[in-house]
Every structure is written in C-alpha cells, then in structure tokens.
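Note sheet for the following structure.
The values are calculated or read from the model by the stated rules, or taken from the named source; none is laboratory data. All values reported here derive from a predicted model rather than from experimental measurement. Counting neighbours? That spans all protein chains shown, and the Cβs are built from the backbone with ideal geometry, glycine included. Only protein heavy atoms, including side chains, enter the accessible area calculation; ligands, DNA and RNA are left aside. Shrake-Rupley method; radii C 1.70, N 1.55, O 1.52, S 1.80 Å.
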Amino acid sequence: MKIRTGITLLVEKDRQQPLFSNMTAFIPAGLPHRSTPLGEAVYYKSIYLDEAMFRRNISDIVIFDMSDLGAALFDRISSLMAPQGADPEDLDGQCLKLLLKLMETEIHHRSHLARIPVPRNPANLRITAFIASRFQSKLTLSDFTNALHYSERHLSRVFKEDIGITIFEYLRLYRIFQASLKLLRKGASKTITEIALSCGYDSLSSFYKDFKEIFVMTPRAFSQKNGETHS
C-alpha cells in the first residue's frame, strides 16, 4: 500500500506509524491492521501480489521508503490487474516485474520515522490514553497517580515491563510524534516555536534536542524534506 496524497496512521497490534509521500507498507496476507486518515482526505493505492511472486520471506508488516522510480512504477500499474496472471510482455507486466526487482532491495530501507508502541496491558492503555489527552500540558508523575489511582512504583513498573520504555520516555516520543504530524500537514500556518509549545514543550532547545534525537534531523530539515516550510 502506498499513499498518494495526505497522511494516514497505520495501526498494528503493537505499534502505530504515519504513512505519507513515498512511504510504502508491505502487508503480508492475514495480518490485522487498520488505516486512520489524519487531517485532509487521503488517497492511496494497493497492489495485491500472489505470495509466489515475491521471494522474500516476510512475516511482519514492513514500512519502507520507496524510490521515485518505484513510486512511478507503482502508480503506473493498474489497480484492476491480476498480478499473478499478468502478461510479462504487457506494459503493466513489465512495470510489475521491474517494481518487484526494485522492492527486493528497497524493502530493506525501513522508515526511521517515530513509531508509537501500543501496550498489551489494559491498565497501560489507560496511561497512554491519558497521555494522548494531556500531552499538551506539563505533566508530573503525580498527575498520573492522581488520575489513575496507582502508586508511583506500581505505575512505573507495569508500564516499563509492558512497553519497554518509561512513562516519560513514551510521553516525549508521543509529543515529538504529534509535532511531526503538525509539520507534515499541508497548509499549516504555525511556526516551529508554536508547534513545540502546542505539544507540551516550554523550551525550544529541548524540543530541537528531542526531535533531532528521534528523527536524526532538525524540525526545519524534516519539514523541508517533506515539502512544507515553517518559520
């Protein structure tokens, strides 16, 4: 599945990640997932392949950055064609053959965008829901214990055992994740400073430090790379 325009959130059993531009999701048959549009209308295209056509043995969903050539081939192939029965001499068949060859290499170019882990423990779902509703505000551990009626020790222990990171590491990741979505949205009028403040940061230097640590680039470079500019 490749997004043509807009941004969608691909939600799996244990993670969620945005898809946009040339980002492509290879989804093995039978794996549960859902796609949630973010903001403006999302247009995407899917090609269904017979498992015998792709030599890589992949059992999990892989999100990777497809090249411009791969994206052009993907868009050229008719969504109505039956890939397993495509005529190799037909233009669609030739495009599909080249696309599959490119994907053998490009599927290893996994996207490094922030992925938000999804907890398995129902109690931790309450914690992540609380973060989603309050991430714009300054939060302390007391805010969590008062809202969720757990002791600080229990709260911290069960969350890290389930997610693998602390509550405040998750909070930082969630804030940067939300900031990245704001930077991606077309027609966004907010400055980087306004975006940082709207995501719970009161220090621009801390925002830049966290953003660069997660995305390996500054917010401005991220915005410019993905087609938007913010002052």
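Some notes on this structure:
- Index of the failed condition, Asp90 passing every other in (1) of a type outside the set (Lys, Arg); (2) surrounded by 15 or more Cβ atoms within 10 Å (Cβ to Cβ); (3) free of Cβ contacts under 8 Å to residues at least 12 places away in the same chain: (2)
- Candidate set: segment 11-33, residues that are modelled with pLDDT of 85 or more and assigned to a strand (DSSP E or B); chosen: the one farthest from the chain's Cα centre (by Cα): Phe26
- Residue within segment 140-161 that is open to solvent by 30 Å² or more (accessible area, probe 1.4 Å), touching a residue at least 60 places away in the same chain (Cβ under 8 Å), outside any helix (DSSP H, G or I) and of a type in the set (S, T, N, Q) present: no
- Boolean, Thr5 is at pLDDT below 75, of a type in the set (Val, Ile, Thr) and within 23 Å of Ala179 (Cβ to Cβ): yes
- Screening segment 1-51 for residues that are of a type outside the set (A, V, I, L, M, F, W, C), under 24 Å from Arg120 (Cβ atoms) and touching a residue at least 40 places away in the same chain (Cβ under 8 Å) and picking the one that is most open to solvent (accessible area, probe 1.4 Å) gives Lys13.
- Output for segment 52-75, where each listed residue is of a type in the set (D, E, K, R), in a helix (DSSP H, G or I) and surrounded by fewer than 11 Cβ atoms within 10 Å (Cβ to Cβ): Asp68
- Subset of segment 84-112 that is in contact with a helix residue (DSSP H, G or I) (Cβ under 6 Å, 6 or more places away or on another chain) and at pLDDT below 75 - its residue that is nearest to Ile214 (Cα to Cα): Ala86
- Scoring Arg134 on the criteria (1) open to solvent by 70 Å² or more (accessible area, probe 1.4 Å); (2) out of contact with any helix residue (DSSP H, G or I) (no Cβ under 7 Å at 6 or more places or on another chain); (3) in contact (Cβ under 8 Å) with a residue 12 or more places away in the chain leaves a single failure, condition (3).
- Just so you know, in segment 177-229 the residues that are in a loop (DSSP other than H, G, I, E, B) and of a type in the set (Lys, Arg) include one that is modelled with the highest pLDDT, and it is Lys190.
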